[in-house]
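Here the structure comes first, spelled out in structure tokens, and everything after it is commentary.
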Amino acid sequence: MHKIAVLVSGSGSNLEAIMDAIDDGKLNCSIEFVIADRSCLAIERAKKRGIRTVVLDRRGFGKELSQRILEIIGKDLDLLVLAGFLSILEGEILKVYKDKIINIHPSLLPKFSGKGMYGLRVHEAVLKEGEKESGCTVHFVDEGVDTGRIILQKRVAVLEGDSPFDLSKRVLEEEHKLIVEAIKKVLEG
């Protein structure tokens, strides 16, 4: 069985989708750690399932956050999944886990990406630019921000009258499916 860690910063709905997929036998893996860079609901979701959790306040670690994560998880996991994780990984962890770190992003990369492009900001930008479609992307993490090789994407129509919240809700529904599909694809080859 594959061993993974999930890194989070928010409500944990993508984490919940991953945990449900494991419970339903759709993913052949176990979550060894859920690590957050701030106190968040995702940690509570993981605790309810009996998963080891760690909160590393990003303000207290700065550039050492990535190194501290690596010290906690070690070097033997099969995959790191960034599921709404807002901190940027850097340094040795990117070398140790090269092609073994994936991230979900709420746009069709390479559009609407980079530092500061997360959450509702992405959907606001999509609507401001008059895009006819948006979506989500799972990609490998590299030294850049949202620049790694794309694994999977899912398109979502932008509807007339959409608010950023309306669009984000529909994109998030697709994220829940796409993250599971991407984990399966990466782990099973």
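The values are calculated or read from the model by the stated rules, or taken from the named source; none is laboratory data. Just so we're clear, the structure is a prediction, and the values are computed from it rather than from any experiment. Cβ sites come from the backbone with ideal geometry, for glycine too, and all protein chains shown count toward neighbours.
Answer yes or no: is there a residue in segment 74-90 that is farther than 30 Å from MET1 by Cβ, out of contact with any helix residue (DSSP H, G or I) (no Cβ under 7 Å at 6 or more places or on another chain) and of a type in the set (D, E, K, R).
The answer is no, given that none of the residues of segment 74-90 is farther than 30 Å from MET1 by Cβ, out of contact with any helix residue (DSSP H, G or I) (no Cβ under 7 Å at 6 or more places or on another chain) and of a type in the set (D, E, K, R).
Pull out all pairs, ordered by first then second residue, where Cβ-Cβ is under 6 Å, the residues are six or more apart or on different chains, the first lies in segment 80-97 and is under 16 Å from ALA36 (Cα atoms) and of a type in the set (Ser, Thr, Tyr), and the second is assigned to a helix (DSSP H, G or I) and modelled with pLDDT of 95 or more.
Short answer, once both residue conditions are applied: SER87/LEU65.
Can you name the strands (runs of 3 or more DSSP E) wholly within segment 1-99 that have at least 2 residues being hydroxyl-bearing (Ser, Thr, Tyr) and modelled with pLDDT of 95 or more? Let's see the steps before the verdict.
On the way: elements: 2-8, 29-36, 53-55, 79-82.
Passing ranges: none, list empty.
Just give me the residues in segment 154-171 being in contact with a strand residue (DSSP E or B) (Cβ under 8 Å, 6 or more places away or on another chain) and hydrophobic (A, V, I, L, M, F, W, C), in sequence order. Even if it seems obvious, please write down each step before you answer.
Initial filter on segment 154-171 (in contact with a strand residue (DSSP E or B) (Cβ under 8 Å, 6 or more places away or on another chain)): 154-158, 167, 170-171.
Of everything in segment 154-171, those that are in contact with a strand residue (DSSP E or B) (Cβ under 8 Å, 6 or more places away or on another chain) and hydrophobic (A, V, I, L, M, F, W, C) turn out to be VAL156, ALA157, VAL158, LEU167, VAL171.
Could you list all residues from segment 21-73 that are closer than 27 Å to GLU188 by Cα, exposed (fewer than 14 other Cβ atoms within 10 Å of the Cβ) and either in contact with a His (Cβ under 9 Å, 6 or more places away or on another chain) or small (Gly, Ala, Ser) (or both)?
Selection gives GLY25, ASN28, SER30, GLY50.
In segment 155-169, is there at least one residue being within 14 Å of the chain's Cα centre (by Cα) and farther than 25 Å from MET1 by Cβ?
No, there is no match, as no residue in segment 155-169 is within 14 Å of the chain's Cα centre (by Cα) and farther than 25 Å from MET1 by Cβ.
Here are the criteria: (1) in contact (Cβ under 8 Å) with a residue 24 or more places away in the chain; (2) out of contact with any Leu (no Cβ under 9 Å at 6 or more places or on another chain). Tell me which single one LYS48 does not satisfy.
Looking at each condition in turn, LYS48 falls short on (1).
Out of PHE112, PHE140, I need the residue that is at pLDDT 95 or above, aromatic (Phe, Trp, Tyr) and closer than 18 Å to ASP162 by Cα. Which one?
Matching residue, one of PHE112, PHE140: PHE112.
Given the criterion under 22 Å from SER13 (Cβ atoms) and either of a type in the set (Asp, Glu) or without any contact (Cβ under 8 Å) to a residue 12 or more places away in the chain (or both), identify the matching residue among ASP142, ASP166.
When all the criteria are applied, what remains is ASP166.
Taking the residues in segment 128-146 that are in contact with a strand residue (DSSP E or B) (Cβ under 8 Å, 6 or more places away or on another chain) and part of a loop (DSSP other than H, G, I, E, B) as candidates, determine which candidate is nearest to LEU94 (Cα to Cα).
VAL141
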